[in-house]
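Input: a single structure, listed below in structure tokens.
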Amino acid sequence: MYQPRARAAPKGRVQRCPLPTTCLLLLAYLAYLALGTGVFWALEGRAAQDSSRSFQREKWELLRNFTCLDGPALDSLIRDIVEAYKNGASLLSNTTSMGRWEFVGSFFFSVSTITTIGYGNLSPHTMAARLFCIVFALVGIPLNLVVLNHLGHLMQQGVHHCARRLGGTGRDPSKARWLAGSSALVSGLLLFLLLPPLLFSHMEGWSYIEGFYYAFITLSTVGFGDYVIGMNPSRWYPLWYKNMVSLWILFGMAWLALIIKLILSLLETPGGACSCYHHSSREDFKFRSWRQGPDGELESHSPQQGCCLEEPMGIIQHLEPSTQVVHCGKDS
């Protein structure tokens, strides 16, 4: 089979391949992980050691005060307390359950499963429930991604509709887009990150910073499990509380996914395998694309001025005559 030959790139044209960029990205990723490791080690390592020593002092103080209780018996009691807490039993009141596996609690567990939050404070213990959890997550996680994708698309369409309405009122289109995007960002911050901590502070007794921390850790699906709503046995929670938080999680994850998508578009290098630039005598970048000619060879092609290219992720960029960039390796 005849293989098309690519002509040598003319002088003045630079090819930039993604291997160095990928290596730099991996190095930056590893450096960022190393930075997080060092910071967490410095901030939490000493506190964890102090907490462990404090627990051991209190344990031996308890043994000295209650001589009828020996070390192995106390360790067994501690293990029973931890296991009872994991199973949902309340140890600070006369009730025997905090409602973790009642209808509302089971619904919240289902939401945290298919959204991949996985707080870790609650897990099924029967084998039948564990097997069902596997099947439920296997189908529910893709379904959740589809729902989040549709919700994010609707939010994005709403922003574009607002931008068109603002542009139709005589405003500059670029300013209209900036205003619509800024309004969506501010409203999302208020609705999903800044106002919910006030509710959590009222219902859970947390500080505002603790509520904000829980909101972000939940919506980003990190889900450490150190802060979980509805787990304080000394507080009464209405039925609507966890249901409303479940809806907040669903819409908040869709909004945060849009924000993360925007950050990705700013961090990632756009284009295909390499980018081709042509430097003209006027020190301006001119647009060049490559297409296959009749003889099977690649030939350069310059489109008309005022054309636009559709980039990945559906972003349309209008190219000006003096600053135009193309991605080679693909058909124009």
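Confirm whether residue 37 is under 30 Å from residue 266 (Cβ atoms) and touching a residue at least 60 places away in the same chain (Cβ under 8 Å). Break it down into steps so the answer makes sense when it comes.
Working: under 30 Å from residue 266 (Cβ atoms): yes; touching a residue at least 60 places away in the same chain (Cβ under 8 Å): no.
Judged against the criteria, residue 37 is not a match.
Taken residue by residue, the stretch 145-161 has at least one member that is of a type in the set (S, T, N, Q), surrounded by 11 or more Cβ atoms within 10 Å (Cβ to Cβ) and under 14 Å from residue 250 (Cα atoms). Taken together, the residues in the stretch 174-192 that are buried (at least 17 other Cβ atoms within 10 Å of the Cβ) and within 14 Å of residue 245 (Cα to Cα) amount to 1. Restricting the stretch 113-129 to residues that are of a type in the set (A, V, I, L, M) and in a loop (DSSP other than H, G, I, E, B), the residue that is least open to solvent (accessible area, probe 1.4 Å) is 117. In this structure, residue 179 does not satisfy being in a helix (DSSP H, G or I), in contact (Cβ under 8 Å) with a residue 24 or more places away in the chain, over 30 Å from residue 232 (Cα atoms) and not aromatic (Phe, Trp, Tyr).
Please work out if residue 101 is of a type outside the set (Gly, Ala, Ser), closer than 30 Å to residue 242 by Cα and either at pLDDT 75 or above or touching a Gly at 6+ places or on another chain (Cβ under 6 Å) (or both). Can you show your working first?
Working: of a type outside the set (Gly, Ala, Ser): yes; closer than 30 Å to residue 242 by Cα: yes; either at pLDDT 75 or above or touching a Gly at 6+ places or on another chain (Cβ under 6 Å) (or both): yes.
Considered against the rule, which asks whether it is of a type outside the set (Gly, Ala, Ser), closer than 30 Å to residue 242 by Cα and either at pLDDT 75 or above or touching a Gly at 6+ places or on another chain (Cβ under 6 Å) (or both), residue 101 comes out as yes.
Annotation note: Cβ proximity below 9 Å between a residue of the stretch 133-155 that is in contact (Cβ under 8 Å) with a residue 24 or more places away in the chain and a residue that is part of a helix (DSSP H, G or I) and open to solvent by 70 Å² or more (accessible area, probe 1.4 Å) (sequence gap 6+ or interchain) occurs for 151/251; 152/261; 155/251. For the stretch 63-93, the set of residues classified as modelled with pLDDT under 75, assigned to a loop (DSSP other than H, G, I, E, B) and open to solvent by 80 Å² or more (accessible area, probe 1.4 Å) consists of 91, 92, listed by residue number. The set of residues in the stretch 233-255 that are without any contact (Cβ under 8 Å) to a residue 40 or more places away in the chain, assigned to a loop (DSSP other than H, G, I, E, B) and open to solvent by 50 Å² or more (accessible area, probe 1.4 Å) comprises 235, 236.
When the test is whether a residue is open to solvent by 90 Å² or more (accessible area, probe 1.4 Å), modelled with pLDDT of 90 or more and within 30 Å of residue 256 (Cα to Cα), residue 132 passes it.
The values are calculated or read from the model by the stated rules, or taken from the named source; none is laboratory data. Just so you know, these numbers come straight off a predicted model, no measurement behind them. For neighbour counting, all protein chains shown are included, and Cβ atoms are generated from backbone atoms with ideal geometry for every residue, glycine included. When the accessible area is computed, the model is the full protein with side chains, heavy atoms only, and any ligands, DNA or RNA have been set aside. Shrake-Rupley method; radii C 1.70, N 1.55, O 1.52, S 1.80 Å.
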